[in-house]
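Engineer: Okay, here's the structure, questions in a sec.
The values are calculated or read from the model by the stated rules, or taken from the named source; none is laboratory data. As the structure is a computational prediction, the values presented were derived from the model and not from experiment. Neighbour counts are summed over all protein chains in view; Cβ atoms, including those assigned to glycine, are modelled from backbone coordinates with ideal geometry.
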C-alpha cells in the first residue's frame with residue numbers, strides 16, 4: 001500500500017480500472033522523476049499539491065479555505081462528497097489508517113469502520 005494510490009482529491013486509485021491497467025498513472029506518478037510535466041497537468045488540485053510538495057490536499061494548511069478544493073467538493077455528484085470524506089479521514093487518522101480501510105473497497109471510495 002502506498003500514498004501514490006491516493007489521488008490529491010482523496011480518491012482511492014488502487015481500485016480504478018484505468019489506474020490498474022496503467023492507462024491512468026494517478027496524480028503523482030511520473031512527476032517525481034520528470035517523466036511528466038506538472039505544467040501540462042489540467043487538474044488544478046494536482047498542480048497545487050505537486051507544487052507545494054504535498055501527498056494530497058489533506059496535508060494542506062489551506063484545506064478548509066481553498067477555493068479549488070471547496071469548488072471540487074461542492075459538485076453535486078455523490079463521489080465528490082466521498083472524496084471529501086476521505087481527505088477529512090486522512091487529516092484526522094492519517095494515511096496508514098486510510099489505506100488499511102480503503103484496501104477493502106471495490107470503488108475509489110467506500111465506507112469507514
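Engineer: Being under 23 Å from residue 30 (Cα atoms) and either over 12 Å from the mean Cα position of the chain (by Cα) or assigned to a loop (DSSP other than H, G, I, E, B) (or both) is the requirement here; does residue 70 meet it?
Structural biologist: In short, no.
Engineer: Among the residues of the range 83-103, is there at least one that is part of a loop (DSSP other than H, G, I, E, B) and within 13 Å of the chain's Cα centre (by Cα)? It would help to see each step written out before you state the result.
Structural biologist: Pass one, the range 83-103, residues part of a loop (DSSP other than H, G, I, E, B): 94, 103.
From what is left, the residues that are within 13 Å of the chain's Cα centre (by Cα) are none.
No.
Engineer: Select from the range 90-102 the residues that are surrounded by 15 or more Cβ atoms within 10 Å (Cβ to Cβ) and touching a residue at least 24 places away in the same chain (Cβ under 8 Å) and write down the one among them that is farthest from residue 16 (Cα to Cα).
Structural biologist: 91
Engineer: While we're here: For the range 44-55, check the following and say yes or no: at least one residue is in contact with a strand residue (DSSP E or B) (Cβ under 8 Å, 6 or more places away or on another chain), modelled with pLDDT under 95, assigned to a loop (DSSP other than H, G, I, E, B) and at negative phi. Explain how you work it out, then say what you get.
Structural biologist: Keep residues of the range 44-55 that are in contact with a strand residue (DSSP E or B) (Cβ under 8 Å, 6 or more places away or on another chain), which gives 55.
Narrowing the set further to residues that are modelled with pLDDT under 95 leaves 55.
Then drop every residue that is not assigned to a loop (DSSP other than H, G, I, E, B), which leaves 55.
Now restrict to residues that are at negative phi: 55.
Yes; the residues of the range 44-55 include at least one that is in contact with a strand residue (DSSP E or B) (Cβ under 8 Å, 6 or more places away or on another chain), modelled with pLDDT under 95, assigned to a loop (DSSP other than H, G, I, E, B) and at negative phi.
Engineer: Being in contact with a strand residue (DSSP E or B) (Cβ under 7 Å, 6 or more places away or on another chain), under 16 Å from residue 4 (Cα atoms) and at pLDDT 90 or above narrows it down to one residue among 97, 102; which is it?
Structural biologist: Exactly one of 97, 102 is in contact with a strand residue (DSSP E or B) (Cβ under 7 Å, 6 or more places away or on another chain), under 16 Å from residue 4 (Cα atoms) and at pLDDT 90 or above, namely 102.
Engineer: Which members of the range 1-40 meet the condition of being part of a loop (DSSP other than H, G, I, E, B), surrounded by 15 or more Cβ atoms within 10 Å (Cβ to Cβ) and free of Cβ contacts under 8 Å to residues at least 60 places away in the same chain?
Structural biologist: If the condition is that a residue be part of a loop (DSSP other than H, G, I, E, B), surrounded by 15 or more Cβ atoms within 10 Å (Cβ to Cβ) and free of Cβ contacts under 8 Å to residues at least 60 places away in the same chain, then 8, 25, 26, 27, 28, 29, 31, 36 are the ones that fit.
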